[in-house]
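Undergrad: Okay, here's the structure, questions in a sec.
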Amino acid sequence: MTDSTGTDQQTRDADGTNGPQPPEDAQRLRRINAWRAAERVLIRPPMNLSLGERLAALTAGAGSVTDLDQPADIYGDGVVAELEERIAGLLGMEAAVFFPTGTMAQQVALRCWAGRTGNTTVALHPLAHPEVHERGALGALSGLRTVHPTHGPRLPTAQEVRDFDEPFGTLMLELPLRDAGFVLPTWEELEDVVAAARERDAVVHIDGARLWECAPHFGRELPEIAALADSVYVSFYKTLGGISGAALAGPASLMEEARTWRHRYGGQVFQQFPAALAALIGLDEELPRLPSYVAQARVVARAMTEGFAAAGTGWFRVHPEPPHTHQFQVWLPYGPDELTEAAVRQAEETGVSLFRKWYPAAAGPPGVSLTEVTVGREGLEWTAGDVRDAVREFVARLG
């Protein structure tokens, strides 16, 4: 989900009546200003910082992650190569390749595996990122075909993979499955579904855009998780607070082929040192803190459940509970505009930002909306009582 839908919506005026809506750009600016000015937030995303603030942070941290006297990167050497080596080591893989986007990284990975297996069919969840957020890129650009072993709001089970009624060359597993609520299987379930794919002579690719925060749920280190797969993609901005970019990791021979396809897809960018530096800073500063964020997300989710119950909102859902990572969903039976307006007003009037933008729920009856909650370093300061109080203040601005 993005912060701007680009569509006209109705918002509630300050006097509580529905009226004409200002342009989406003005709405977005108001939201960002409210969130930036709020004194208490669960996370302060780098994307909401000003250009000056982002440049200052990059300058302040760059000297701690690399030698700034070395030449700037050209077509993937220098600091970009340092980042690739770091990722391969973190994931316990033979090699890694930097990509400007995760969409390109996964497109290349799945295309390469199709060539090697001789099967252009990819089994994945219908809520997986390539199916929902990439405009059919796998089929349009790479001639790949997708199939769905399950339609449940979770990753497929081993039995569903075994029983699927047509062959596929690659099984793609998104860890966590974001659009289902950042959900993860148990470690044993993950091992079983990978084994089921192997029984069918399929390779396994992990969409690990948010793999970094999965370790606490599985009780395993990153190399052990990555070792289940033949290739893994990770993102540098979704969790680590980077500027952009992703990496694909796997066997050295596959990574060499991936470099060729990266060039063919237009990803051989002349210089990418800002993105590489930001990623290295995120690995040093954010990655070690993620277990504490995951633990605090469980405190926050439980307190939200208590707060909504006490506020008498009727039906609501905090999903999953407890959260599997430091991110989870909240569902409420109100329109997204009303909920977003309440969230912005709470930030403007109290200096507390509990929720950000709300969206129409893709499932369930009409009139139900959801938002995604992320707990970062700022959220570590919240007590359960703080969360319950903030929920009460939020609900008071509805209806």
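The values are calculated or read from the model by the stated rules, or taken from the named source; none is laboratory data. These figures come from a predicted structure and were not determined experimentally. Methodologically, a virtual Cβ is constructed for each residue, glycine included, from the backbone with ideal geometry; neighbour enumeration extends over all protein chains shown. Each accessible area value is taken on the protein alone, full model and side chains, heavy atoms only, with ligands, DNA and RNA left out. Shrake-Rupley method; radii C 1.70, N 1.55, O 1.52, S 1.80 Å.
Undergrad: Based on what the data block shows, is residue 153 part of a loop (DSSP other than H, G, I, E, B), under 23 Å from residue 182 (Cβ atoms) and more than 22 Å from the chain's Cα centre (by Cα)?
TA: Criteria not met by residue 153.
Matching residues to (1) within 20 Å of residue 39 (Cβ to Cβ); (2) among the polar types (S, T, N, Q); (3) open to solvent by less than 60 Å² (accessible area, probe 1.4 Å):
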| residue | (1), (2), (3) |
| --- | --- |
| 303 | yes, no, yes |
| 313 | no, yes, yes |
| 333 | no, no, yes |
| 342 | yes, no, yes |
| 373 | yes, no, yes |
| 389 | yes, no, no |
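Undergrad: OK, next. Could you say whether any residue in region 133-156 is among the basic types (Lys, Arg) and closer than 23 Å to residue 192 by Cα?
TA: Checked against the condition, which is being among the basic types (Lys, Arg) and closer than 23 Å to residue 192 by Cα, region 133-156 yields at least one hit.
Undergrad: Within region 351-381, track down each residue that is small (Gly, Ala, Ser) and assigned to a strand (DSSP E or B).
TA: 353, 369
Undergrad: Quick test of your reading of the structure: residue 298 fulfils all but one of (1) open to solvent by less than 60 Å² (accessible area, probe 1.4 Å); (2) at pLDDT 95 or above; (3) among the basic types (Lys, Arg). Name the failing condition by number.
TA: Residue 298 satisfies all of (1) open to solvent by less than 60 Å² (accessible area, probe 1.4 Å); (2) at pLDDT 95 or above; (3) among the basic types (Lys, Arg) except (1).
Undergrad: Across region 340-395, what is the total count of residues that are out of contact with any Gly (no Cβ under 7 Å at 6 or more places or on another chain), under 14 Å from residue 42 (Cβ atoms) and among the hydrophobic types (A, V, I, L, M, F, W, C)?
TA: 12
Undergrad: Return the only residue of 109, 81, 105, 95 being in contact with a helix residue (DSSP H, G or I) (Cβ under 6 Å, 6 or more places away or on another chain), modelled with pLDDT of 95 or more and open to solvent by less than 60 Å² (accessible area, probe 1.4 Å).
TA: 95
Undergrad: Pairs only if they're at least six apart or on different chains, beta carbon under 6 angstrom, first in region 382-399 and of a type outside the set (Val, Ile, Thr), second open to solvent by less than 40 Å² (accessible area, probe 1.4 Å) and part of a loop (DSSP other than H, G, I, E, B); list them, first residue then second.
TA: Between residues of region 382-399 that are of a type outside the set (Val, Ile, Thr) and residues that are open to solvent by less than 40 Å² (accessible area, probe 1.4 Å) and part of a loop (DSSP other than H, G, I, E, B), the close pairs are 390/354; 394/354.
Undergrad: Scan region 31-46 residue by residue and report those that are part of a helix (DSSP H, G or I) and either touching a residue at least 40 places away in the same chain (Cβ under 8 Å) or open to solvent by less than 10 Å² (accessible area, probe 1.4 Å) (or both).
TA: 31, 34, 35, 37, 46
Undergrad: Condition first: part of a loop (DSSP other than H, G, I, E, B) and in contact with a helix residue (DSSP H, G or I) (Cβ under 6 Å, 6 or more places away or on another chain). Can you find one or more residues in region 270-282 that meet it?
TA: Scanning region 270-282, I find at least one residue that is part of a loop (DSSP other than H, G, I, E, B) and in contact with a helix residue (DSSP H, G or I) (Cβ under 6 Å, 6 or more places away or on another chain), so the answer is yes.
Undergrad: Related question: So is residue 348 farther than 27 Å from residue 292 by Cα and either modelled with pLDDT of 95 or more or not in a helix (DSSP H, G or I) (or both) or not?
TA: Spelling it out, residue 348 is indeed farther than 27 Å from residue 292 by Cα and either modelled with pLDDT of 95 or more or not in a helix (DSSP H, G or I) (or both).
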